[in-house]
1. Would you tally the net charge around residue 204, using a Cβ to Cβ cut-off of less than 11 Å, leaving residue 204 out, and scoring K and R as +1, D and E as -1?
2. Restricting to the chain, compute how many DSSP beta bridges are antiparallel as a %, nearest 5.
3. If a/c stays under 1.5 just call it rounded; otherwise compare a/b with b/c (prolate if a/b is bigger, oblate if not). Do that for the stretch 124-262, with a ≥ b ≥ c from the square roots of the Cα gyration tensor eigenvalues.
4. Got a sec? How would 392, 216, 39 order by Cβ neighbour count within 10 Å, fewest to most?
5. Have a look at 241, 394, 147 and report the one farthest towards the positive end of the charge dipole of the chain, computed about the Cα centre with Cβ charges (Lys/Arg +1, Asp/Glu -1).
6. Which net charge results when you count Lys and Arg as +1 and Asp and Glu as -1 among the other residues whose beta-carbon is under 12 Å from that of residue 255?
7. Pairs 139/199; 139/450; 199/426: which exceed 28 Å Cα-Cα?
8. Starting from the stretch 164-242, pick out the trypsin sites (Lys or Arg not before Pro) whose DSSP state is loop and whose Cβ has at most 14 other Cβ atoms within 10 Å.
Amino acid sequence: MMKRRSFIEKTTISSAAMVGIPSIVPATVFGKNAPSNRINIGQIGCGRIARSHDLPETMIYDVSNVMAVCDLDSNRMKDGKILVDDFYKEKKGKKRYNGTKMYEDYREMLLNKDIDAIMISTPDHWHAQPAIEAALAGKDIYLQKPTSLTVKEGRQLVNAVKKSNVILQVGTQQRAMPQFRIAAELVRNGRIGKLHTVKIGLPGDPSGPESTPMAIPKNLNFDMWLGSTPEVPYTEIGVHPQEGYSRPGWLRHENYGAGMITGWGQHHYDSAAWGMDTELKGPISVQSIADFPKSGLWNVHGDFMVKHEYSNGISVLTSGGYPNGVRYEGSEGWIFVSRGSYVASSSDPVAMEESKKALDASDPKILLSEIDANETNLYKIDDQHGNWLDCIQSRNQPISPVDIGHMACVVCLISHIAMKIPRKLKWDSKEEIFINDDEANRLLSRSQRKPYGTDHLNT
């Protein structure tokens, strides 16, 4: 008899090809609250971001029905089920609710024909692959940023989403915050004159302690958690806390991400591109200096400076020395925008006092300027998750579609590459390759440990 894992690996992609597009009927056919419009959702990853953002910000909508959770840590999977069951128990006014299915392997979840859409809130190295497989299975997708671990797998994701015609929303929720849209509209409509410089404040991460190998917890499928990354000994600070949901240590290890340049970087580069009108146009060059830890398990960048140049003459400077946010500088003034006093968690390396003012300008009158109907009016939404659900029903593109998300992520990833290669790198945004630089181009992809990785999918 074929073993369970082997069966899943052999059938997921082939079955996916037969599933097709989600069977959500547009609201115009039967009405907004028709049963056919309920969106059955599976959650992949039940950690900090899923619990604090993705699940609660999706379940509040009546059209959504989170029916399944999946995690490689069985304790987190069970906690995820409890979170969802408790929400619906209270919402439905029931004494007991036990409707949430649990999956240890997301590939098995993708075989469930009753699931219409997937939310992916996993570590960064597990973003692109399940998103590609979900697209091939005909599932609509909400994908946490960064969009991918490498430029190559990001392009593979874009191609899979376009081929499958599914709705993918990237979790760059700053687009739902009104101050970021207002700032971008004011800049795009010339309220600070000709834009010439953008300054982005983005902190680095601290170095970490040394850590000795530990016994793998029985509740964790560590081999699959590693996925396509190199096989290394288990350490709790290299994965996630076994108790609680504080900021996980994997965020500070280059096997699984690139540090704050991709962590918060995709948010800020996406917002900056919105105001620069370069959402689908990358820079023409990148140059960086950065400090990296010389000891300890955590090895992502610390203090840094990155410079991007664009073909329209705009320069983008990024450093932890700037206030956390985006500052547009033009020939007739400046605008600064941030999340205000927002801090993702108490352990985030963000100084609250440096990001208190959500929207500021060289002249207060700039912020009072109204955008006319005949000027550039940007996509306006109230909530990132709500917009995703609306677009699943309408089949319209969401505010953060895969191609825009990929481009913002590419800016992050080539910045990280420039940190490793201390010289000015010329970038071909259309071909997604460095010009005449084999050393830099080798870093556009990573070797992938079988059987995991996007290179090993039959797409």
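Please treat every number below as a calculation from the coordinates, not as lab data. Predicted, not measured: the structure shown is a model, and the values here were computed from it. Methodologically, a virtual Cβ is constructed for each residue, glycine included, from the backbone with ideal geometry; neighbour enumeration extends over all protein chains shown.
1. Neighbourhood net charge equals -2.
2. Around 55 percent of the beta bridges assigned by DSSP in the chain are antiparallel ones.
3. oblate
4. Ascending Cβ contact count within 10 Å gives the list 216, 39, 392.
5. 394
6. Once all neighbours under 12 Å are counted, the net charge is 0.
7. Distance filter (> 28 Å) returns 139/199.
8. The qualifying sites are 194, 218.
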